1. Nearest 0.05, what FRET efficiency do ASP335 and ALA33 give at R0 = 60 Å with Cβ-Cβ as r?
2. Kindly list the residues of the range 113-136 that lie in the label zone of THR6, defined by a backbone N under 13 Å from the point 7 Å along the Cα-to-C-beta vector.
3. What ranking do 9-19, 27-37, 289-299 get when scored by the average of other Cβ atoms within 10 Å per residue, highest first?
4. For MET1, MET258, what ranking results if the residue with the fewest other Cβ atoms within 10 Å of its Cβ goes first?
5. When the Karplus curve 6.51 cos²θ - 1.76 cosθ + 1.60 is applied with θ = phi - 60°, which whole-Hz ³J(HN,Hα) does each residue of the range 59-75 get, with x for Gly and Pro?
6. With charges set only on the Cβ (+1 for Lys and Arg, -1 for Asp and Glu), what does the dipole of the chain come to about its Cα centre, in debye to the nearest 20?
7. Between helix 414-423 and the chain, what is the angle of the helix's C-alpha long axis to the longest principal axis, kept within 0 to 90° and rounded to the nearest 10?
8. Per residue of the range 393-401, what does 6.51 cos²θ - 1.76 cosθ + 1.60 with θ = phi - 60° give for ³J(HN,Hα)? Whole Hz please, x for Gly and Pro, Karplus curve as stated.
Amino acid sequence: MPIETTVSVVAAAPHDAELLAVPYSPELDPQLAADLPVPVAALFAHYEAKGEAGEIVEVPVVRGDAVGRVLLYGVGDSSPRALRKAAAALTRRARGRQSLTVVLPSGSSSAFVEAALLAAYTFKIGAPGKLSVRELVLVGGDEAPVRRGETVAQAVALARDLANTPASVKNPAWLAERAAEHGVPVRVWDEEALAGDGFGGILAVGRGSVNPPRLIQLSYAPSGATKHVVLVGKGITFDSGGLSLKPTENMKTQKTDMAGGAVVIAVIAALARLGAPVKVTGLIAAAENMPSGSAQRPSDVITHFGGRTVEVLNTDAEGRLVLADALAYADAVLDPDAVVDIATLTGAVTVALGRHVGAVYASSDALAEELVAAGQASDDRLWRMPLIDDYTPALKSSVADLANVEAGSTYGAGSITAALFLREFAGKRPWAHLDIAGVGRSTVDDGILTKGATGFGVRVLLEWLTQTP
Ligand code: BES
Ligand code: MN
Ligand code: ZN
């Protein structure tokens with residue numbers, strides 16, 4: 001379900017708005033102040049409100065014969081972060097209502113709109129829950145940043161929708177069909193084409209499922225582009241672990257194991273609308289990781305695109321196997337200036353960084369700095385993690401070029417060793433890897449987050465691809 005709230009911009013607040021939100025300030029607009037039953041300072045004192053971001057004081061006001069409501073909302077220090085928090089609180093408060101009119105605080109209206117809409121996102125199969133506010137009327141916003149915020153939010157919503165879709169519906173072929181719906185040229189490798197071109201990692205992971213794997217390529221190529229970026233997304237439509245089967249508790253969240261792939265689809269779909277000047281090729285390595293009589297076994301040796309062999313010691317470390325093929329293909333065939341992969345790769349990254357900050361690993365300091373800065377600006381926060389060379393022996397195999405996991409437990413550092421594995425396939429080009437296993441789904445409905453898939457990665461990548469020259 002895309003976000004169904006419509007957004008319009010008006011010059012002045014209609015005096016009769018049923019639900020009117022106004023940023024809290026001691027010097028309130030006199031006309032509005034006249035509507036309030038008591039002076040605004042007294043109201044705030046009464047509710048012990050401080051004007052912090054996310055705080056809302058709701059006041060009934062007379063509207064002819066009826067009662068309207070004014071929401072006095074705090075904006076804290078008015079930073080983009082505070083404005084996002086304020087905006088999310090407002091649309092959450094307006095759930096179930098027809099219309100919300102918001103007098104915008106001065107500052108970033110793009111971040112405000114984006115957060116207001118993301119907090120209004122819902123995903124429900126069956127009888128609808130409390131509907132999000134139907135109409136958001138913004139007073140005093142500039143059209144261009146408002147529309148940018150809306151486009152970004154819709155892109156995040158698309159990534160959430162794809163990841164929230166149950167795996168009984170969402171298999172690799174389904175994902176390829178969804179990728180083709182955005183007016184961007186698509187190339188899809190089916191299982192035969194994958195075999196023909198030597199994508200042994202994607203095939204090995206997909207072997208256990210009745211739903212065969214796919215490699216999906218999307219191409220956004222604006223005229224005059226001078227830079228070419230490849231985005232690689234992990235597209236495991238369900239990760240049971242394979243023969244290295246996960247326990248139920250860990251398995252039941254794994255329909256979102258294609259969140260990275262969903263982000264790549266959503267970003268590329270939004271680039272044209274945002275007028276990004278960069279050529280971007282998306283690769284989504286899609287497979288369903290299932291146990292069966294045809295599944296790969298722990299101890300199998302597979303051959304990746306480009307000829308490197310890998311001993312599969314744990315079939316649950318499948319993300320790196322599908323990504324390795326796509327990274328090797330990008331390096332050998334697509335000639336990019338930079339490669340960024342995004343993947344719900346390891347449970348270990350959640351131990352390190354938790355559920356609010358994603359990990360970025362990079363072979364290039366400049367690329368890492370750009371991504372961290374874009375993360376800060378877009379609110380998809382990233383923290384740079386180290387590629388510790390001393391840990392590379394963890395990936396040694398006695399029978400193949402590499403092992404997909406450490407045979408023993410000398411090194412630990414599961415997110416780092418996974419990144420080191422990927423680095424082997426990325427070639428010598430600037431490469432970054434985003435491990436979003438911790439931030440890819442939310443356990444709570446809070447602020448801009450809704451329970452389930454978060455769409456983390458869409459905002460930082462859109463920011464990066466539309467800001468860098
Ligand atoms: N898809 C999982 C990682 C994951 C875990 C994502 C929890 C989201 C929430 C990945 O394929 C996986 O199973 N990783 C293993 C790697 C291990 C076998 C080396 C893990 O993290 O346990
Ligand atoms: Mn796994
Ligand atoms: Zn996985």
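1. Numbers: r = 63 Å, r/R0 = 1.04.
The calculated FRET efficiency here is 0.45.
2. 134-136
3. On the way: 9-19: 14.0, 27-37: 12.4, 289-299: 16.4.
Averaged packing, sorted descending, gives the order 289-299, 9-19, 27-37.
4. Working: MET1 14, MET258 36.
The order, fewest Cβ neighbours first, is MET1, MET258.
5. 10, x, 10, 7, 10, x, 8, 10, 10, x, 10, 10, 9, 8, 10, x, 10
6. On the way: 41 positive and 51 negative charges, 113 e Å.
Magnitude of the dipole: close to 540 debye.
7. 70 degrees
8. x, 4, 9, 6, 10, 8, 10, 9, 5
Any read-out appearing in this document is the output of simple, stated calculations on the displayed coordinates, not a laboratory observation. All figures in this text were calculated on a predicted structure; none of them were measured in a lab. All Cβ positions, even for glycine, are placed from backbone atoms using ideal geometry, and neighbour counts span all protein chains on display.
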